1. Output the qualifying pairs, or none if there are none: Cβ atoms under 8 angstrom, residues six or more apart or on different chains, first residue in region 236-263 and farther than 24 Å from ALA186 by Cβ, second residue open to solvent by 10 Å² or more (accessible area, probe 1.4 Å) and basic (Lys, Arg).
2. Could you tell me which residue of region 38-48 is most open to solvent (accessible area, probe 1.4 Å), considering only residues that are assigned to a loop (DSSP other than H, G, I, E, B) and touching a Leu at 6+ places or on another chain (Cβ under 7 Å)?
3. Are any of the residues in region 276-283 open to solvent by 20 Å² or more (accessible area, probe 1.4 Å), acidic (Asp, Glu) and farther than 29 Å from ASP406 by Cα?
4. For the list (1) open to solvent by less than 10 Å² (accessible area, probe 1.4 Å); (2) at positive phi, I need the number of the one condition that GLY304 fails.
5. Against the definition (part of a loop (DSSP other than H, G, I, E, B), under 30 Å from GLY261 (Cα atoms) and open to solvent by 40 Å² or more (accessible area, probe 1.4 Å)), how does GLY399 come out, yes or no?
6. From GLY392, GLY380, GLY336, GLY314, which residue is in contact with a helix residue (DSSP H, G or I) (Cβ under 8 Å, 6 or more places away or on another chain), at pLDDT below 95 and crowded, with 21+ Cβ neighbours inside 10 Å?
7. Tally up the residues in region 369-396 that are without any contact (Cβ under 8 Å) to a residue 60 or more places away in the chain and assigned to a loop (DSSP other than H, G, I, E, B), please.
8. Please determine whether any residue of region 403-416 is at pLDDT 95 or above, of a type in the set (A, V, I, L, M, F, W, C) and either open to solvent by 50 Å² or more (accessible area, probe 1.4 Å) or touching a helix residue (DSSP H, G or I) at 6+ places or on another chain (Cβ under 6 Å) (or both).
Amino acid sequence: MPAAFQPLTPLDDAWSRLQAAVQTHLSACVLKPESVASVDALGRVLAQDLTSTVDVPPLDNSAMDGYAVHAADLTALAQPGGVLAVAQRIAAGQVGVTLAPGQTARIFTGAPVPAGTGAVVMQEHTEPAGEGAVRFTQPVQAGQNIRRRGEDIGCGQTVLSAGQRLTAAGLGVAASVGAARLPVFARPRLGVLTTGNELVMPGEPLPPGAIYNSNRHTLMGLAQGCGAVVSDLGIVPDQLDATRAALRAAAATHDLIITSGGVSVGEEDHLRAAVQAEGELAFWALAIKPGKPFVFGRLRRADGTHALYMGLPGNPVASYVTFLLLVRPVLSRLAGEGWHLPRPLMLPAGFAWPKADKRREFLRARLGDDGRPVLHPHQGSGVLSSAAWADGLVDLAPGQTVLPGDPVPWLPLAELLQPAMASRQG
């Protein structure tokens with residue numbers, strides 16, 4: 001079928017085909033784990049389950065600054081007014097001696113409670129009662145303000161799972177069980193190549209008919225935010241031989257190559273032909289707006305293996321949207337996570353959209369003060385400022401119109417711009 005009449009691929013079909021293709025790719029080239037210091041593992045994907053070899057906390061300890069009281073004294077302290085002698089002082093990092101009935105221990109947050117302790121009373125519920133004694137001004141309940149051994153994590157418990165992207169909290173959990181190093185998957189190697197004779201780098205003079213290369217900055221920023229090792233492969237001129245050579249060189253050293261522009265059907269668009277010559281095309285042309293001219297395929301390497309290829313549209317918003325919807329889940333899977341897709345929230349629209357499109361539309365929007373999405377006034381695929389203004393995308397089905405108050409799917413950019421979490425599987 002001629003390229004101009006190629007049927008458009010629905011986004012859900014594209015996701016399914018991408019998932020299958022990436023899984024096949026990973027089966028041919030096994031993800032390689034490496035060991036890194038825990039403090040340097042932020043954003044990396046864990047390659048093996050992490051199992052604790054200790055209890056956290058390791059001992060029963062105080063949740064408050066206050067006074068530890070003996071279990072035998074709890075009945076007497078069930079009513080306010082009881083007085084006990086202060087027999088010892090236990091700071092965090094110290095271990096006290098066994099507590100005797102009729103005595104109390106001054107204790108601080110995190111300090112192990114002494115043997116015999118039945119409760120800890122916060123200092124706000126006490127008052128001095130003469131030299132070396134304290135009065136309890138509130139009823140005391142058994143077990144109050146004591147954090148039990150293993151309450152957070154038990155010895156032998158799996159605390160972090162393979163395939164989980166490590167957050168700051170996850171690194172804290174790893175440290176709490178004494179893990180100085182963590183096995184993580186190698187970060188995917190991504191090459192970013194932009195095309196077009198009209199492109200000029202920022203800082204250079206702008207000749208008549210030229211434009212500054214904004215896609216390079218946008219795509220590299222997005223890829224770095226996904227945790228990839230990103231290479232700037234520069235600008236390739238609109239020539240078939242030069243395009244083939246650039247793709248061939250990029251495939252040798254990268255897991256995934258993305259390009260922007262040059263994937264449409266114009267006479268100066270050579271990327272599809274170059275990909276077919278250097279590998280194969282799986283599909284192209286998506287039934288979405290913006291983002292129709294999108295290409296996915298593989299590029300051959302000299303050793304018989306392949307690199308993945310994704311050709312994004314040249315219009316800056318279309319390039320931005322297709323990265324979020326299609327490149328991001330691929331990068332997450334190449335990094336060692338599961339397959340994750342955006343999951344929208346349903347919110348009442350703060351706008352009207354009376355003219356439906358045949359394609360699935362992604363509108364740049366932000367939440368108003370009432371929590372409803374409102375649209376940027378310019379939804380053209382060349383208006384990159386709309387993407388910088390927006391804090392989310394409204395996902396409209398083909399043929400969908402919207403009246404104010406209608407429920408619409410809302411995709412927050414705060415989620416789309418972050419690496420996926422292993423628990424959020426599509």
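1. Sorted first by the residue in region 236-263, then by its partner, the pairs are SER260/ARG216; VAL263/ARG272.
2. Filtering region 38-48 for residues assigned to a loop (DSSP other than H, G, I, E, B) gives 41-44, 47-48.
Then drop every residue that is not touching a Leu at 6+ places or on another chain (Cβ under 7 Å), which leaves 41-44.
Working: ALA41: 0, LEU42: 110, GLY43: 26, ARG44: 30 Å².
If we take residues in region 38-48 being assigned to a loop (DSSP other than H, G, I, E, B) and touching a Leu at 6+ places or on another chain (Cβ under 7 Å), then LEU42 is most open to solvent (accessible area, probe 1.4 Å).
3. Let us first name the residues in region 276-283 that are open to solvent by 20 Å² or more (accessible area, probe 1.4 Å), namely 276-277, 280-282.
Cutting the leftovers down to acidic (Asp, Glu) gives us 280.
From what's left, farther than 29 Å from ASP406 by Cα: 280.
Yes, some residue in region 276-283 is open to solvent by 20 Å² or more (accessible area, probe 1.4 Å), acidic (Asp, Glu) and farther than 29 Å from ASP406 by Cα.
4. Result: GLY304 passes all but (1).
5. Details: part of a loop (DSSP other than H, G, I, E, B): yes; under 30 Å from GLY261 (Cα atoms): yes; open to solvent by 40 Å² or more (accessible area, probe 1.4 Å): yes.
Spelling it out, GLY399 is indeed part of a loop (DSSP other than H, G, I, E, B), under 30 Å from GLY261 (Cα atoms) and open to solvent by 40 Å² or more (accessible area, probe 1.4 Å).
6. Details: GLY392 fails: at pLDDT below 95; GLY380 fails: crowded, with 21+ Cβ neighbours inside 10 Å; GLY336 fails: in contact with a helix residue (DSSP H, G or I) (Cβ under 8 Å, 6 or more places away or on another chain).
Checking each option against the conditions leaves just GLY314.
7. As a first pass, look at region 369-396 and keep what is without any contact (Cβ under 8 Å) to a residue 60 or more places away in the chain: 369-379, 385, 388-392, 394-396.
Add one more test, that the residue is assigned to a loop (DSSP other than H, G, I, E, B), and what stays is 369-372, 376-379, 390-391.
Result for region 369-396: 10.
8. Looking only at region 403-416, we keep the residues that are at pLDDT 95 or above, and these are 403-412.
Next, from what is left, pick out any that are of a type in the set (A, V, I, L, M, F, W, C): 403, 408, 410-411.
Still in the list and also either open to solvent by 50 Å² or more (accessible area, probe 1.4 Å) or touching a helix residue (DSSP H, G or I) at 6+ places or on another chain (Cβ under 6 Å) (or both): 403.
Checked region 403-416: at least one residue is at pLDDT 95 or above, of a type in the set (A, V, I, L, M, F, W, C) and either open to solvent by 50 Å² or more (accessible area, probe 1.4 Å) or touching a helix residue (DSSP H, G or I) at 6+ places or on another chain (Cβ under 6 Å) (or both).
The values are calculated or read from the model by the stated rules, or taken from the named source; none is laboratory data. Given the structure is predicted, the values throughout are model-derived calculations rather than measurements. FYI the Cβ positions are ideal-geometry reconstructions off the backbone, even for glycines, and counts take in every protein chain you see. Areas reflect the complete protein model, heavy atoms only, side chains present, ligands, DNA and RNA absent. Shrake-Rupley method; radii C 1.70, N 1.55, O 1.52, S 1.80 Å.
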